[in-house]
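The values are calculated or read from the model by the stated rules, or taken from the named source; none is laboratory data. None of the values given here were measured: they were computed from a predicted structure. Every residue, glycine as well, gets a Cβ built from its backbone with ideal geometry; the counts of neighbours run over all protein chains shown. We work out accessible area using only protein heavy atoms, side chains counted, and drop any ligands, DNA or RNA first. Shrake-Rupley method; radii C 1.70, N 1.55, O 1.52, S 1.80 Å.
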Amino acid sequence: MMCMDCRSLVPGWIDAELGPAETTEFAAHLSSCRECAEFAGRERDFVRGLRARLPRPDLPDVERRHILSDLRSVAGSRGDLRRLAWGGALALAACIALVATLAVSQARDWTRAYRMDHAAHAGASDGLEFRSGSAIQVAAWLTTAVGMPMHVPTMPDARLLGARTVRLNGRTVALAVYESAGRRLSLFLGNGQELFPARGLAPDQLWTRRGTPYSVVAWIHQGHFHVAVSDLPVQRLQQLARQCQKPAT
Amino acid sequence: MKERFETLVEGHLDSLHRFAVSLTRDRDGARDLLHDTFVKGFEGYHAFRPGTNFRAWIFAILVNTFRTRVRDTGRHRHVALDETNEPASEGDVVFELLEGTEILEAIEELPEPYRSAVLLVDREEMRYSEVALVMDCPVGTVMSRLHRGRGLLRQRLRGLAQERGFQAAGKRVGGEA
């Protein structure tokens, strides 16, 4: 074995990755070549020192919750889609033209990500990262979670349950969750216009999309976008949106 | 299937997150990268064969996702290092002068694919066969990348240590042994 070949095997020797034949040949060379033996020793010391000093930080709890929420949101929404796809395979085959049309409309539908997230958390596992009925406490938690001042509206006809964050279009969006008449309401809050592409909307003007089962009402209030998603009747959702726009008392 | 996928990913969440942060060097970027990895992983999970190496499989998706993002955005920051590979003489003494975070930063400054090889083997304690799956290359290539990466890292750490008064002959400036 040449010295160059020996040195190329040093990582495998340090990491116990060499096969029996390579190990034998490697050891034989080291016993006859002092320079390679010293080189291998230095390399081994370096790797041991490196591994001993290399930090292996665990995920901070807050970040873990956010990432797990992302994971569950992904798996939940994709799982729903997959079940739908399997269950409706024959119908889809018979309606290719219709599906193509729907696909185009869905691609243009910015509310889809919001509705999918709401659907993924509307069941027993709501994914809330912070539970409180106090708008002040929830706003404080969201302010820390998203790194910017957040205001959480109160609605006389809806009960605040808590909050979590969600990743949408590469941005972290604050989400306050309410309950009204036994139905869940997700209120997404933020200031990124790209998350709410309803252009030309006047302040506090409501933008509505009726859907089955989830409808969306969106508006801009004091420079912040609000997107409310629920299976409540649209009129009820609009009524709650108006309550959000009233100044806090 | 959803629960199974979540459980498997959760078992590697710390490791995945550490590696994503090291690749992107940005916590928000890491979270985006993980999100995209989850999406691709879940969509392709039906093709994953139970009993095979899930860790290598999900890490491979993460690496491929990162490569795609780098290619699409043109972001590929690394510091050019001296390519000579002279063995250092100071052994592990440099580590006494450096903080763990400095060592990690020096690794993160390594060019790809050396950075990934060092991180996956020396921090995440992967076997070469796993890294070969993750990086989609032969085991021999993993070993050569590791050899090269560690050599570059040692040079970088030696440079940092010398800034702290460490001399290559094995003594510190000021007479300390």
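Could you tell me whether any residue of region B:138-145 is modelled with pLDDT of 90 or more, within 11 Å of chain A (Cβ to nearest Cβ), farther than 14 Å from residue A:47 by Cβ and surrounded by 19 or more Cβ atoms within 10 Å (Cβ to Cβ)?
Looking through region B:138-145, at least one residue is modelled with pLDDT of 90 or more, within 11 Å of chain A (Cβ to nearest Cβ), farther than 14 Å from residue A:47 by Cβ and surrounded by 19 or more Cβ atoms within 10 Å (Cβ to Cβ).
Do you know which residues across region B:114-126 are modelled with pLDDT of 90 or more and open to solvent by 30 Å² or more (accessible area, probe 1.4 Å)?
Once the filter is applied, which keeps residues that are modelled with pLDDT of 90 or more and open to solvent by 30 Å² or more (accessible area, probe 1.4 Å), region B:114-126 yields only B:114.
Name every residue in region B:26-58 that is farther than 16 Å from residue B:13 by Cα and open to solvent by 60 Å² or more (accessible area, probe 1.4 Å), in order of residue number.
At the first step, the residues of region B:26-58 found to be farther than 16 Å from residue B:13 by Cα are B:26, B:43-52.
Of everything in region B:26-58, those that are farther than 16 Å from residue B:13 by Cα and open to solvent by 60 Å² or more (accessible area, probe 1.4 Å) turn out to be B:26, B:43, B:46, B:47, B:49, B:50, B:51, B:52.
Kindly establish whether residue B:170 is at pLDDT below 90 and outside any helix (DSSP H, G or I).
Values: at pLDDT below 90: yes; outside any helix (DSSP H, G or I): yes.
So residue B:170 passes the test.
Kindly check whether there is at least one residue in region A:44-53 that is out of contact with any Phe, Trp or Tyr (no Cβ under 6 Å at 6 or more places or on another chain), at the interface with chain B (Cβ under 9 Å from one of its Cβ atoms) and within 30 Å of residue A:171 (Cβ to Cβ).
No, because not a single residue in region A:44-53 is out of contact with any Phe, Trp or Tyr (no Cβ under 6 Å at 6 or more places or on another chain), at the interface with chain B (Cβ under 9 Å from one of its Cβ atoms) and within 30 Å of residue A:171 (Cβ to Cβ).
Please give the helices (runs of 4 or more DSSP H) falling wholly within region B:1-77 in which 3 or more residues are among the aliphatic types (A, V, I, L, M), at pLDDT 90 or above and more than 25 Å from residue A:146 (Cα to Cα). Let's see the steps before the verdict.
Values: elements: B:2-10, B:13-24, B:27-44, B:54-73.
Helices (runs of 4 or more DSSP H) meeting the threshold: B:54-73.
I need the full set of residues from region B:1-27 which are of a type outside the set (A, V, I, L, M), within 21 Å of residue B:106 (Cα to Cα) and at the interface with chain A (Cβ under 10 Å from one of its Cβ atoms), in order please.
Here is the first cut: in region B:1-27, the ones of a type outside the set (A, V, I, L, M) are B:2-7, B:10-12, B:14-15, B:17-19, B:22, B:24-27.
So of that shortlist, the ones also within 21 Å of residue B:106 (Cα to Cα) come out as B:14-15, B:17-19, B:22, B:24-27.
Of everything in region B:1-27, those that are of a type outside the set (A, V, I, L, M), within 21 Å of residue B:106 (Cα to Cα) and at the interface with chain A (Cβ under 10 Å from one of its Cβ atoms) turn out to be B:14, B:15, B:17, B:18, B:27.
Within region A:1-26, count every residue that is in a helix (DSSP H, G or I), within 12 Å of chain B (Cβ to nearest Cβ) and open to solvent by less than 30 Å² (accessible area, probe 1.4 Å).
The number of residues fulfilling the criteria is 4.
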